Amino acid sequence: MTYQLSHLDALEAEAIHVVREVVAEFERPALLFSGGKDSAVLLHVAVKACWPQALPFPVVHVDTGHNFAEVLEFRDRRVGELGVRLVVASVQQAIDRGEIADVPAGGSRNRLQTHSLLQAIEGHAFDAVFGGGRRDEEKARAKERIYSHRDEFGQWNPRGQRPELWSLYNGRHHKGEHFRIFPLSNWTELDVWQYIEREGLELPTIYFAHDREVFRRDGMLLATGPFTAPSPEAADETPFVARVRYRTVGDMTCTAAVASEASTVAEVIDETSTARVSERGATRSDDRTSEAAMEDRKREGYF
Amino acid sequence: MGGLLRLATAGSVDDGKSTLIGRLLYDSKQIFEDQLEAVERTSHARGDDYVDLALLTDGLRAEREQGITIDVAYRYFATPRRKFIVADTPGHIQHTRNMVTGCSTADLVIVLVDARTGVNEQTRRHAFLASLLRIPHLVVCVNKMDLVDYREDAFAAIRADFEGFATRLEIGDISFVPISALAGDNVVDRSKHMDWYDGTSLLRHLEEVHIASDRNLIDVRFPVQRVVRPRSNEHRDYRGYAGTVAGGVLEVGDEVLVLPSGFTSRVEAIETADGPLQEAFPPMSVLVRLADELDISRGDLICRAHNRPTVGQDLSAMVCWMAEQPLRQGAKLALKHTTRWARALVRDVQYRLDVNTLHRQRDVDELGLNDIGRLDLRTTVPLFYDDYRRNRSTGSFVLVDEATNVTVGAGMLLRPAG
């Protein structure tokens, strides 16, 4: 007998440890569940960490109003199966109430999510919010702690982060402050897919190859739909049907598809192992703005 | 696929540490094209002669602008044999706290030495910190071999120098690899320029180093994280103790003792959401059920009746201080050890360690930022602990400022005298 865990078992054990610490030490945790693959894995790990008790905290979805129908369907089904409470923080409602201004038609509401997220955190007095963020996603995230402190304005201060040693997490905070908790910090995109395969997890269908009408913009494939349409002036944005899948799932307006024939988890793993472009680089126009786009949004309180 | 190896890298900007990590990621094909293009753009904009692979790891805006590494960055790569987590720590003297942070979870540390200048104060400091943090494996990478014409005598001199100093360290396994991170020699593949070197490439070494026996598999230690009582129809009388095994191999049927109560019982079941297990070892996260109903809560510890940790409120520890405000005798701080919080009073600063010479400065009464020293502490409640040398989980703690809630110190417990 060699007393050594496989890499997936080691990552899962670390994530379960983190979830249990939070449940033990915080008063009002919540889990961000977008219906994307990382949050699906996070929810699964959280359920395992609390077993045989039912999940003792709600899940939160920040709804931009620009979602993929398949993702909303998956979200509602998972929430129903687990019997867990769903809190929807609606960007549309915040716009309707006049709290924030909408983006021009066809634009991304990505950045508007911060307002609704912080409002939900404040309104429900959540003191710990689990997110599925991974350090391999983006360079600003590579420096973020597993327990990531937010001040009373929800802001992240990358230069003033608390040292995080061993597995001794310090979640002490003043009233009005909260923590973002990232149990999957040390997972990579490939780890997530390997875990999805091992655990037999279900995902929204758009993660697998399907035929979809798309058009090309800035080198990326965007779906034609109610929120995005080819620009009539741009001659090169002629729509066409392609075999595609999604590597990440966000707002329909800023999440691009990749050409793919991978229709099973195993085929996605094969593709991911040989991918030459990072998942955010391939599919997220929101991260292309500048090298520090993510850092800037995170400072304001984004995921 | 095999397991997970956590490694820390230490060295200054000039030693080419970030370049080495960039090289490992690039040559093991973990760098994506868009990430490389972004780095190329920044390098050209800054007017660099070659693509600066360090930019792959320096993520924050201030780091890229100033060309320095500010904080511990975590990077990931995998080969068919192992998955690697790299804690990339800055090498400047004012960042000892980052090095200690990065080393706290590491199985292995890479210390970079410039082949032209050899072992210096910083090399010694990094090696000493790795030893203090009980990293079981250390690899000295003698870098920039291309700039000394790949000469064996340059490598041999540095090796001899380091070995002379290393007799004062407590690291069981030290290896030496001559490399050029920039040119790629001996990083992933064996170099064609150094036939005299009969060892493996750095990556091969990382894939093969034996870490399974590094954890303490002898002393059973199970700090209770939560008491799980679902009170559901399905699990009406269920009472399980959730936790991460911190030491030893816990087995169903074991006679165990619970601290602080001293009650004994028997392990009835070890469970996970995937089903029951016969045994559990570090760092597994499990639920333990005992044969008897005992009063157990978070912060208690389950061990074997005849192998107990030290139980005490008067502690001696090596502490790395991480706050601007100095630590003085009489200070009161919050302390987290395993799953237990206590308050701690600093009774005495015994000495400060000069991390360059290992000299003990006894005429001190405070520790400043990035100082390491030996403290005597008194806690409000007893801790159940082991010497850090014997168990990195039950031998470590953090200190937290009670007013600001900031983590200000990292401590490694010493066995009590006598």
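If you take the C-alpha gyration tensor of region A:204-287, multiply each eigenvalue by 5 and take the square root, what semi-axes do you get, largest first, in whole Å?
Semi-axes from the Cα gyration tensor: 22, 13, 11 Å.
For B:Gln361, what charge total do you get from the other residues with a beta carbon under 10 Å from its beta carbon, if Lys and Arg give +1 and Asp and Glu give -1? Present the calculation step by step, with values, prior to reporting the outcome.
Working: positive: B:Arg352, B:Arg360, B:Arg362; negative: B:Asp354, B:Asp363, B:Asp371.
Its environment carries a net charge of 0.
Counting alpha carbon pairs within less than 8 Å and at least 6 residues apart, what relative contact order, in whole percent, applies to chain B?
Values: 927 pairs, mean separation 48.1, N = 418.
Reported as a whole number, the value is 12 percent.
Classify chain B from the C-alpha gyration tensor, please: rounded if a/c falls under 1.5, else prolate or oblate depending on whether a/b exceeds b/c.
Verdict is prolate for chain B.
Would you please classify the overall shape of region A:56-104 from the alpha carbon gyration tensor, given that a ≥ b ≥ c denote the square roots of the eigenvalues, rounded means a/c under 1.5, and beyond that prolate means a/b larger than b/c while oblate covers the rest?
oblate
What net charge do the residues around A:Val59 carry, taking every other residue with its C-beta under 10 Å from that of A:Val59, with Lys and Arg at +1 and Asp and Glu at -1? Mind showing how you got there, number by number?
Working: positive: A:Arg75, A:Arg78, A:Arg85; negative: none.
Here the count lands on +3.
Loop-only trypsin sites (Lys or Arg not before Pro) in region A:87-188, please: DSSP not H, G, I, E or B, and at most 11 other Cβ atoms within 10 Å.
Loop-located and lightly packed - A:Arg97, A:Lys175.
Residues with beta-carbon under 13 Å from that of B:Thr407, excluding B:Thr407: net charge, scoring Lys, Arg +1 and Asp, Glu -1?
+2
Please arrange B:Arg390, B:Arg352 by how many other C-beta atoms lie within 10 Å of their C-beta, fewest to most.
Ranked by crowding around the Cβ, least crowded first: B:Arg390, B:Arg352.
Where does chain B land at 222 nm, in deg cm²/dmol rounded to the nearest 500, when only DSSP H runs of n ≥ 4 count, each adding -39500 (n - 2.57), divided by all residues? Before the final figure, lay out each step's value.
Values: 7 runs with 74 residues, N = 418.
My calculation for chain B gives -5500 deg cm²/dmol from helical runs alone.
Report relative contact order for region A:204-287 in percent, whole number only (criteria: Cα-Cα under 8 Å, sequence separation at least 6).
31 percent
With the Cα gyration tensor of the protein assembly as shown giving a ≥ b ≥ c as the square roots of its eigenvalues, does the rule (a/c under 1.5 for rounded; else a/b larger than b/c for prolate; else oblate) give rounded, prolate or oblate?
Working: a/c = 1.65, a/b = 1.16, b/c = 1.43.
Oblate, since a/c reaches 1.5 and b/c is not below a/b.
When DSSP assigns beta bridges and you keep just the ones with both residues in the protein assembly as shown, what percent turn out antiparallel, to the nearest 5?
75 percent
May I ask you to derive the relative contact order of region A:13-134, considering only C-alpha pairs under 8 Å and at least 6 residues apart, and to give it as an integer percent?
Over region A:13-134, the number comes to 35 percent.
Which of these, A:Ile95, A:Ile196, A:Ile181, has the largest mean-square fluctuation under a Gaussian network model of chain A (Cα springs below 10 Å)?
Among A:Ile95, A:Ile196, A:Ile181, the largest mean-square fluctuation in the Gaussian network model of chain A belongs to A:Ile95.
Once the convex hull of the C-alpha atoms of chain A is built, how many Å³ does it hold per residue, rounded to a whole number?
Numbers: hull volume 43.6 nm³, N = 303.
Per-residue hull volume (Cα only) is 144 Å³.
Where a number appears in this text, it was derived from the coordinates with a stated rule and is not lab data. Source: prediction; values computed, not measured. Cβ atoms come from the backbone with ideal geometry, glycine included; neighbour counts cover every protein chain shown.
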